[in-house]
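A short write-up of the structure that comes next.
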Amino acid sequence: MHNKTVAELSKGLAAGEYSSVELTQHFLTRIAEQDTTINSFITVCENEALSEAKAADEKISAGDATPWTGIPFAHKDIFCTQGVKTSCGSKMLDNFIPPYDATVTSNFKQQGAVCLGKTNMDEFAMGSSNESSYYGKVTNPWGENLVPGGSSGGSAAAVAARLTPAATATDTGGSIRQPSALCGVTGLKPTYGRVSRYGMIAFASSLDQGGPIARTAEDAAMMLNVMASYDKRDSTCIEREVPDYTSTLNNSIEGMNIGLPKEFFSDKLDAKMQQQVQNAVKEIEKLGANIKEISLPHTELSVPAYYIIAPAECSANLSRFDGVRYGHRCDNPKDLEDLYMRSRTEGFGDEVKRRILVGAYALSAGFYDAYYRKAQQVRRLIKNDFTSAFKDVDLIIGPTTPSPAFGFNSKGADPTAMYLEDIFTISTNLAGLPGMSIPGGMVNGLPVGLQLIGNYFDESRLLNVSHQFQKVTDWHNKTPTNCR
Amino acid sequence: MSIQREDVEKIARLAKLQINEEQLETVASELSNILGLVDQLQAVNTDNIEPMAHPTDAVQILRADQVTETNNREAFQKIAPATENGLYLVPKVIE
């Protein structure tokens, strides 16, 4: 059952081949047996999941089911779940039991989906290797010494290891696409404003966006059908009709114009990766698409612009953790200053502190124009690159990451080495565009991520091209070496 | 841009974080590396470029000034570290 896709499981449940309780128990057993080594879950919701499954089975027999009724899935531990711990991978929120649901959480509940648990992640979604979680690192199912990527490393690893058919995730600079690439699964970061951020713990509010991680484009489309919604509680959410993303999967891609940005095929890209991505592009060309080279000249500036904007917004967002209303509070504070200082110092890990400090510095008196304003100007230049490119092409394709999964502790003491891991994904967040990563090849026995970037609200096209690609390739069906 | 120990102490104070004496050098050098990376931006000509605040230039939505949420004070305070009579407790601020 664990090798089936969401689409297949949905049919199986409708046909009565198995019950949601059986399905849910199957995945709970796999998590209990295998997650001791992978560590992709922070919290497993065994009792809640089984009672949700029972309710789903009743709905199915009553003929009152949606495609998601009774389907097990997992939430990244950044989405608030009423009554279930939501830690955001931090000691700061180790005791946090949300009194409300995120909009994404409610959307899945309304469909009668079954939440297996909450997945591991880099602390406050800050990281590209899932090594910064307070709950320990996550192991990539493709190799016990390899990182799964981050920050949604738990979601990507759990889907790759078949511990859940699908999982929610979030992406601020590549946190859905990069772990999807490193774990060989399919992940989509929607257009900024497509998925509500209400109840999704904030890191950098002008960049954060929730999206799906699944094994296929078809499953990602099914997930986005649930995740995307207009929400008055998120003032940056865009009021726009949500199409049925599964209805256009089988469209022909003949005559579609696809651009390959020359800056994505530079010397920053591993040579073997380059070859695999080119092979994948040839497959897409065979399906009738026209391929041409394009230029996104400001690509190189995306990492520096991001490392001002994201830390600046993070330092503002994380100022809410004060030890007063919720979260970690130090013992015996001697005064208010001591309460703030020690609660925050004890509650946050090193990478989070580093980013708060960079952000506080960039926003401090006298530096605002030189840093934040400058970065926001460069951000517009990056967006303009894409706007010009989309006058000529319908879709942009390139690698998701410069190299396949890397080893634990391999980026050394300089934090900027890790930051450059996101060189191909960050510009999409800065521009607010939708981006997707799908398995597109293998290098040294490890998955290679193929990245697709679309115009605003063109998620249907990303899913359509990915689905057509997955119909003629089987990279997405490869099973990780450590998956039993 | 090179960050000194004193700079780290100052911004840590602003951010309400404590950095140990023995960590100051390390943090200063890490922050210097990060600011070295972002200093590439200074070479870019951004004359007459409007800073970008929202990808699709959306504006803040206004709503009628009406009560739309219910009062959940008890649920919210149940997860607070210390409360009394519906108030959040902090150490004494004014003598």
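The values are calculated or read from the model by the stated rules, or taken from the named source; none is laboratory data. All values derive from a computational prediction rather than experimental measurement. Cβ sites come from the backbone with ideal geometry, for glycine too, and all protein chains shown count toward neighbours. In case anyone asks, the SASA skips ligands and DNA or RNA and just uses the protein heavy atoms, side chains included. Shrake-Rupley method; radii C 1.70, N 1.55, O 1.52, S 1.80 Å.
With a 10 Å cut-off around each Cβ of A:382-393, the average count of Cβ atoms from other chains is 1. Note on A:TYR100 and A:GLN82: the extension gain reaches 6.0 nm, defined as 0.36 nm multiplied by sequence separation minus the Cα-Cα distance.
When each of the peptides A:144-157, A:380-393 is scored by how many other beta carbons lie within 10 Å of its residues on average, the order from highest to lowest is A:144-157, A:380-393.
Based on the reciprocal of the average 1/r between different C-alpha atoms, the Kirkwood radius for the stretch A:80-236 equals 15.2 Å. Within the assembled protein chains, the solvent-accessible surface assigned to A:VAL242 is about 50 Å², based on a 1.4 Å probe. Checking every one of the chymotrypsin sites (Phe, Trp or Tyr not before Pro) in the stretch A:189-263 against DSSP loop status and a limit of 16 other Cβ atoms within 10 Å picks out A:TYR230. Once the C-beta distance of A:ASP244 and B:GLU9 is scaled by a Förster radius of 56 Å, the resulting FRET efficiency is 0.50 to the nearest 0.05.
Assuming R0 = 51 Å, can you tell me the calculated FRET efficiency for the pair B:GLU25 and A:ARG233, based on Cβ-Cβ distance, to the nearest 0.05? For B:GLU25 and A:ARG233, the calculated efficiency is 0.70.
At an R0 of 60 angstrom, the distance between the Cβ atoms of A:LYS54 and A:LYS272 translates into a FRET efficiency of 0.75. The lysines whose alpha-carbon is closer than 21 Å to the alpha-carbon of B:LYS78, local same-chain residues fewer than 8 away aside, are A:LYS85, A:LYS91. Label sites at A:ASN251 and A:THR36, each approximated as a point 7 angstrom past Cα along Cα to Cβ, lie 4.9 nm apart.
Give the Debye-formula value of log10 I(q)/I(0) at each listed q (0.11, 0.12 Å⁻¹), with one equal scatterer per alpha carbon of the protein assembly as shown, two decimals each. Reported log10 I(q)/I(0), two decimals: -0.99, -1.19. Within 10 Å of the Cβ of each residue in B:7-15, the mean number of Cβ atoms contributed by other protein chains is 6. Among beta bridges identified by DSSP and lying wholly in the protein assembly as shown, the antiparallel ones come to about 70 percent.
Ranking A:GLY153, A:GLY184, A:THR105 by how far each Cα lies toward the positive end of the dipole of the stretch A:102-190 (charges on Cβ) leaves A:THR105 at the top.
Choose one of A:THR473, A:PRO333, A:ASN95: the residue whose Cα lies farthest towards the positive end of the charge dipole of the protein assembly as shown (beta-carbon charges +1 Lys, Arg; -1 Asp, Glu; about the Cα centre). Comparing the listed Cα positions along the dipole, A:THR473 ranks first. Charged side chains reduced to their Cβ positions (Lys and Arg at +1, Asp and Glu at -1) give the protein assembly as shown a dipole of some 400 debye around its Cα centre.
Taking the centroid of alpha carbons for each part, the stretch A:387-435 and the stretch A:71-98 are 27 Å apart. Taken along the Cα-to-beta-carbon direction at a fixed 7 Å, the label points for B:ASN33 and B:LYS92 span 4.7 nm.
Size estimate for chain B follows the Kirkwood approach: the inverse of mean 1/r over distinct Cα pairs works out to 19.4 Å.
A straight line joining the Cα centroids of the stretch B:13-91 and the stretch A:223-250 runs 27 Å.
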